[in-house]
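The values are calculated or read from the model by the stated rules, or taken from the named source; none is laboratory data. This structure is a prediction, so every number in the text was calculated from the model and none was measured. Here Cβ is always computed from backbone atoms with ideal geometry, including for glycine, and neighbour counts include all displayed protein chains. Just the protein is used for accessible areas: all its heavy atoms, side chains included, with ligands, DNA and RNA removed. Shrake-Rupley method; radii C 1.70, N 1.55, O 1.52, S 1.80 Å.
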Amino acid sequence: MPLLSRASSLALLLVLGALPARAEEAPPAPLPAPLPAPLSTPQAANSEDIGGWNLDTFKLPGKDETICVVTREFDNGDRLGFVLGERGRGIIYGQPGLKVREGAEMDIGFSVDGRQPLGFHGVAYDPSAIMSEPVPSPEGEKVLAVFARGQKAVIGSNALKLRSGELDLAGAEAAIRALDACGSANNIQVVRIDPAAPAAPAGGSGAPVTGSTFADDGQAAAPTAPPAAEPAQPEPTPVETAIRDAIAAEAKKRSAGVGYAVALPKDVTGDGQEDVVLVFVLLEGKVKKGYVTVLKTIGVNSFARLNTVDLGGVPTNDPVIFTPAGIIVTMEGGTPAKPKEVEVLITPDKLTVKKKK
């Protein structure tokens, strides 16, 4: 079924550069990334100092879900952290001069106390921070245990030509225990995948972490066979590609990271063809800004992007309201009694923000 063949109340969602996915009939609130950007300033979190490491507890908006994050900032500005959520445990690393495009994918690996590096697929959740993919239980516990019993760690990425200096792991064991306690206290149910137990390697008593050379007891073990390849992801549809390209072009123009976007199919140019109204957020430095554009349908799987207008702030999770002349977007900064609203007028040729008198 074509992506835009359903009723015009259908909403599509992008999360930090991910492909848009089908949503429910009622427009949903934009979701955060699978794991949030914990190296940025937390907007709503409980924080606790654990011997030089900071433990933050994030409540995901609109969901009964919690993320626990423990991080340490070093004197040179580097940041190392560990994440615990329903999808598993992960490693995060930040560096002030990193300047990576938010949502970009790369490899991320680490070596503890000079042992052979262990690598993961990674993604940038902040212009100056990268994070490994979440590792389900029980492998996730084994990965963090390597840090807990180590002295020094080095983080790197071949794709980014990145290699950190030696990061002091003093206090990491207590920090990781606090992370696990946070998960238990908040009833975080980590997904569990139990692989077939491999034969014990010669000279070691612990089962190796999948795809690594680390054993449970910290001794080097023979590498395991690589995990089965994941099924190929379906090719993006033409409208998905058009949405992604439109946001990427604006992000590149403004040297910004991609936050989230809601794409709403509706004929707003009056030619009888269903267009795509795109409301999205970019992270420009440390400031989030909202924008609107329209992908005007000009043929089968063919779109023309109209101009992009600045909303002058950040849109809330409230659904966009369509009017005969365009749309109304509710913005952050208003009150329940009198929400702040921005009206965008839409014609077949351009978008214009209606100025309040």
Residue among 295, 278 that is in contact with a Ser or Thr (Cβ under 6 Å, 6 or more places away or on another chain), outside any loop (DSSP other than H, G, I, E, B), among the aliphatic types (A, V, I, L, M) and modelled with pLDDT of 80 or more: 278
Restricting region 291-308 to residues that are more than 12 Å from residue 277 (Cα to Cα) and either under 27 Å from the mean Cα position of the chain (by Cα) or of a type in the set (Val, Ile, Thr) (or both), the residue that is most open to solvent (accessible area, probe 1.4 Å): 300
Scope region 313-329; condition in a loop (DSSP other than H, G, I, E, B), in contact (Cβ under 8 Å) with a residue 12 or more places away in the chain and either open to solvent by 60 Å² or more (accessible area, probe 1.4 Å) or under 26 Å from residue 237 (Cβ atoms) (or both); matching residues: 317, 318, 319, 320
Members of region 164-185 found to be open to solvent by 50 Å² or more (accessible area, probe 1.4 Å) and either under 22 Å from the mean Cα position of the chain (by Cα) or within 30 Å of residue 64 (Cα to Cα) (or both), listed by number: 173, 177, 180, 181, 184, 185
Subset of region 148-163 (residues that are within 16 Å of residue 122 (Cβ to Cβ) and either surrounded by fewer than 20 Cβ atoms within 10 Å (Cβ to Cβ) or within 22 Å of the chain's Cα centre (by Cα) (or both)): 154, 155, 156, 157, 158, 159, 160, 161, 162, 163
Any hit, region 124-131, residues being open to solvent by 10 Å² or more (accessible area, probe 1.4 Å), among the acidic types (Asp, Glu) and closer than 22 Å to residue 171 by Cβ: no
Qualifying residue in region 92-102 (condition: at pLDDT 90 or above and within 17 Å of residue 182 (Cβ to Cβ)): yes
Where a residue in region 74-101 is more than 21 Å from residue 148 (Cα to Cα) and its partner, wherever it lies, is open to solvent by 50 Å² or more (accessible area, probe 1.4 Å) and basic (Lys, Arg), with Cβ under 9 Å and at least six apart: 101/252
Verdict on residue 297 being within 21 Å of residue 270 (Cβ to Cβ), among the β-branched types (Val, Ile, Thr) and without any contact (Cβ under 8 Å) to a residue 60 or more places away in the chain: yes
